[in-house]
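Student: Mind having a look at this structure? Questions to follow.
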Amino acid sequence: MGGPRDRRVVILDSHDIFRMGLRQALEEHHRIEVVGEAAEPAGAFEQVMQTRPDAVIVGVREHERSTIDALAWLLARRPTNVLVLSRAARAEEMEAAQLVGAKGYLSKDLQVAQLHEVIEQIAEGEAVFGDSAGHLVDDEPEPPGVSDLTSQERRVLELVGRGHSNGEIARELFIAEKTVRNHVTRILAKLGVKRRTQAVLIAAQLRSS
């Protein structure tokens, strides 16, 4: 049995062989203990409620939107640190995982040592997202345009990345909501993106760097 500092992990993936291999890979690390696994979201939810893990690993197959929807359902009922592993890491899917509250999204093509490191980060509540090739975002250079942001714009971007509304940001920073809207408009322009959800992903990248 693991000691009090061990990372307790639950695995959700519909593929039996993948779950078995992932369990073996995780338990090679002396501080990681797999306390539950399930093939279906309902089973994973039950495991999470019973074991209260430090992290949940959710496997997603290509174009398997139902798993992301189930993840949103689970996190709404039991907030926890979730890492999504995808067979074919895609920006759209990564964005969806981020928006429902996942702490990480990476390709399944991870080295074992890298997986151990990511679990440590996820268990601590850090965000770890990857690009379309599955590389860790925090291994990449700072996104274009970030260096052009003022200190206030960086604070606004951080709060946008944490899912705050314009009104919530205004109250947090003691500024008018119209000022927040103006900040967001300038932030999007400087980052070279059109949608707020794209800024959310950039904010996640900055948090994990």
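The values are calculated or read from the model by the stated rules, or taken from the named source; none is laboratory data. Because the structure is predicted, anything quoted here is derived from the model rather than measured. No Cβ is skipped: glycine too gets one built from the backbone with ideal geometry, and neighbour counts run over all protein chains shown.
Student: Please go through region 69-92 and pick out each residue that is part of a loop (DSSP other than H, G, I, E, B) and in contact with a helix residue (DSSP H, G or I) (Cβ under 8 Å, 6 or more places away or on another chain).
Tutor: Of region 69-92, the ones part of a loop (DSSP other than H, G, I, E, B) are 78-81, 87-90.
Residues satisfying the conditions are Arg78, Thr80, Asn81.
Student: Please verify whether Arg87 is touching a Lys or Arg at 6+ places or on another chain (Cβ under 6 Å) and at pLDDT below 80, treating the condition exactly as stated. Write out each step before concluding.
Tutor: Numbers: touching a Lys or Arg at 6+ places or on another chain (Cβ under 6 Å): yes; at pLDDT below 80: yes.
When the stated conditions are applied, Arg87 passes them.
Student: Same structure again: Of all residues in region 96-130, which are among the hydroxyl-bearing types (Ser, Thr, Tyr) and within 8 Å of the chain's Cα centre (by Cα)? Reasoning before the result, please.
Tutor: First, the residues of region 96-130 that are among the hydroxyl-bearing types (Ser, Thr, Tyr): 105, 107.
Correct list: Tyr105 only.
Student: Same structure again: Within region 145-199, can you find the residues that are among the charged types (D, E, K, R), out of contact with any Gly (no Cβ under 6 Å at 6 or more places or on another chain) and in a helix (DSSP H, G or I)?
Tutor: The initial filter retains those residues of region 145-199 that are among the charged types (D, E, K, R), namely 148, 153-155, 158, 162, 168, 171-172, 177-178, 181, 186, 190, 194-196.
From what's left, out of contact with any Gly (no Cβ under 6 Å at 6 or more places or on another chain): 148, 153-155, 158, 162, 168, 171-172, 178, 181, 186, 194-196.
Within region 145-199, Asp148, Glu153, Arg154, Arg155, Glu158, Glu168, Arg171, Glu172, Lys178, Arg181, Arg186, Arg196 qualify.
Student: For region 27-44: of the residues being aliphatic (A, V, I, L, M) and more than 12 Å from Val56 (Cβ to Cβ), which is surrounded by the fewest Cβ atoms within 10 Å (Cβ to Cβ)? Let's see the steps before the verdict.
Tutor: Of region 27-44, the ones aliphatic (A, V, I, L, M) are 32, 34-35, 38-39, 42, 44.
When the remaining residues are screened for being more than 12 Å from Val56 (Cβ to Cβ), the result is 32, 39, 42.
Working: Ile32: 22, Ala39: 15, Ala42: 12.
Here the residue is Ala42.
Student: Examine region 105-121 for a residue that is in contact with a Ser or Thr (Cβ under 6 Å, 6 or more places away or on another chain), assigned to a loop (DSSP other than H, G, I, E, B) and surrounded by fewer than 19 Cβ atoms within 10 Å (Cβ to Cβ), and state whether such a residue exists.
Tutor: Looking for residues that are in contact with a Ser or Thr (Cβ under 6 Å, 6 or more places away or on another chain), assigned to a loop (DSSP other than H, G, I, E, B) and surrounded by fewer than 19 Cβ atoms within 10 Å (Cβ to Cβ), one finds none in region 105-121, hence no.
Student: Further question on the same structure: Could you tell me which residue of region 18-64 is modelled with the lowest pLDDT, considering only residues that are part of a helix (DSSP H, G or I) and aliphatic (A, V, I, L, M)? Break it down stepwise before answering.
Tutor: First, pick out the residues of region 18-64 that are part of a helix (DSSP H, G or I): 18-26, 41-51.
Cutting the leftovers down to aliphatic (A, V, I, L, M) gives us 20, 22, 25-26, 42, 44, 48-49.
Values: Met20: 89, Leu22: 89, Ala25: 87, Leu26: 88, Ala42: 84, Ala44: 87, Val48: 91, Met49: 91.
If we take residues in region 18-64 being part of a helix (DSSP H, G or I) and aliphatic (A, V, I, L, M), then Ala42 is modelled with the lowest pLDDT.
Student: Which one of these is in contact with a Ser or Thr (Cβ under 7 Å, 6 or more places away or on another chain) and either of a type outside the set (A, V, I, L, M) or without any contact (Cβ under 8 Å) to a residue 40 or more places away in the chain (or both): Arg90, Arg77, Arg23, Arg52? Talk me through it step by step, then tell me what you get.
Tutor: Details: Arg77 fails: in contact with a Ser or Thr (Cβ under 7 Å, 6 or more places away or on another chain); Arg23 fails: in contact with a Ser or Thr (Cβ under 7 Å, 6 or more places away or on another chain); Arg52 fails: in contact with a Ser or Thr (Cβ under 7 Å, 6 or more places away or on another chain).
The unique qualifying residue is Arg90.
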